[in-house]
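Trainee: The structure's right below; bear with me while I get my questions together.
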Amino acid sequence: MEARPHPNQHARLDALHSFEVLDTDPERDFDEIVELASELCGKAVSVINFIDNDRQWFKAEVGLGVRSTPLDTSLCGHVILQDDFVEIPDTLADPRMADNPLCTEEPGFRFYAGAVLKGANGMPLGTLCVLDHRPGTLNNTQRRVLMVLARQVMRELDLRLWLERETALRREIDHRVKNSLASLGAILAMQARRSNDAAVRAVLGEAGGRVQALSSLHAELHGFE
């Protein structure tokens, strides 16, 4: 059974795309999370996945060997419509997945457990999940591990998004300050040329020199990240 779209699909996709994580290269920070999830939960497969408009894309995976799968076979597409944490001891006993080729064909996924990755606005973006080729269960500690690691994934993404926005804001401020100093310097220079008073020209020239010094200092400071 193919998962139906999220009730707020447009807003959900906007939230997902705002992180600009899709189609990025593998990164050790995320690889370590799925490795840890697989090891601590004792399951063969673990992935960090995001549910896009027509595909399921994996930021990190262990035991899977692919970076994306079609949305019509996505187990997580069902899960993001549910609670923060979903465990399915036997996928073939679940009507949503009983006809899914990822579960029915050898070696199919018979066990699933996933913690939903949510943006700050509460929209589900994907999951951190573990899968296995045999039915099974997790204990309470393993369930908590998945939920804690899922929150760690979102903290990392939120931090990166904040840093990108802060950098963009800093560049905008820098641009405005640079333009303001240039405008002020031009005004002072124009007034100095128009004045017939030597004392006034001297004062304006001194002020212009200080503005130029501020402009140079600002350019030097902006060179440091």
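The values are calculated or read from the model by the stated rules, or taken from the named source; none is laboratory data. Everything numeric here is computed off the predicted structure, so don't read it as measured data. Here the Cβ positions follow ideal geometry from the backbone for every residue, glycine too, while neighbour counts run over all protein chains shown. What goes into the accessible areas is simple: the full protein's heavy atoms, side chains included, and nothing from ligands, DNA or RNA. Shrake-Rupley method; radii C 1.70, N 1.55, O 1.52, S 1.80 Å.
Trainee: Against the definition (of a type outside the set (A, V, I, L, M) and more than 30 Å from THR141 (Cβ to Cβ)), how does ASP72 come out, yes or no?
Mentor: yes
Trainee: Still on this model: With respect to LEU64, is the statement that it is within 20 Å of VAL21 (Cα to Cα), hydrophobic (A, V, I, L, M, F, W, C) and in contact with a helix residue (DSSP H, G or I) (Cβ under 8 Å, 6 or more places away or on another chain) true?
Mentor: For LEU64, the condition - within 20 Å of VAL21 (Cα to Cα), hydrophobic (A, V, I, L, M, F, W, C) and in contact with a helix residue (DSSP H, G or I) (Cβ under 8 Å, 6 or more places away or on another chain) - is not met.
Trainee: Just name the residue that is farthest from LEU131 (Cα to Cα) out of those in region 1-39 that are among the basic types (Lys, Arg) and outside any loop (DSSP other than H, G, I, E, B).
Mentor: Within region 1-39, the match that is farthest from LEU131 (Cα to Cα) is ARG12.
Trainee: Under 9 Å by Cβ, and 6 or more places apart or on different chains, what pairs join a residue from region 85-101 that is among the polar types (S, T, N, Q) and at pLDDT 90 or above with one that is part of a loop (DSSP other than H, G, I, E, B) and surrounded by fewer than 20 Cβ atoms within 10 Å (Cβ to Cβ)?
Mentor: THR91/ALA98; THR91/GLY108; THR91/PRO135
Trainee: Looking at ASN179 and the list (1) of a type in the set (S, T, N, Q); (2) open to solvent by 40 Å² or more (accessible area, probe 1.4 Å); (3) modelled with pLDDT of 85 or more; (4) more than 18 Å from the chain's Cα centre (by Cα), which single condition is not satisfied?
Mentor: Against the list (1) of a type in the set (S, T, N, Q); (2) open to solvent by 40 Å² or more (accessible area, probe 1.4 Å); (3) modelled with pLDDT of 85 or more; (4) more than 18 Å from the chain's Cα centre (by Cα), ASN179 comes up short only on (3).
Trainee: Would you confirm whether or not region 24-31 contains a residue that is under 12 Å from THR127 (Cα atoms), in contact with a strand residue (DSSP E or B) (Cβ under 8 Å, 6 or more places away or on another chain) and aromatic (Phe, Trp, Tyr)?
Mentor: no
Trainee: Which residues, counting only those in region 57-70, are closer than 16 Å to TYR112 by Cβ, modelled with pLDDT under 95 and either in a strand (DSSP E or B) or in contact with an Asp or Glu (Cβ under 7 Å, 6 or more places away or on another chain) (or both)?
Mentor: THR69
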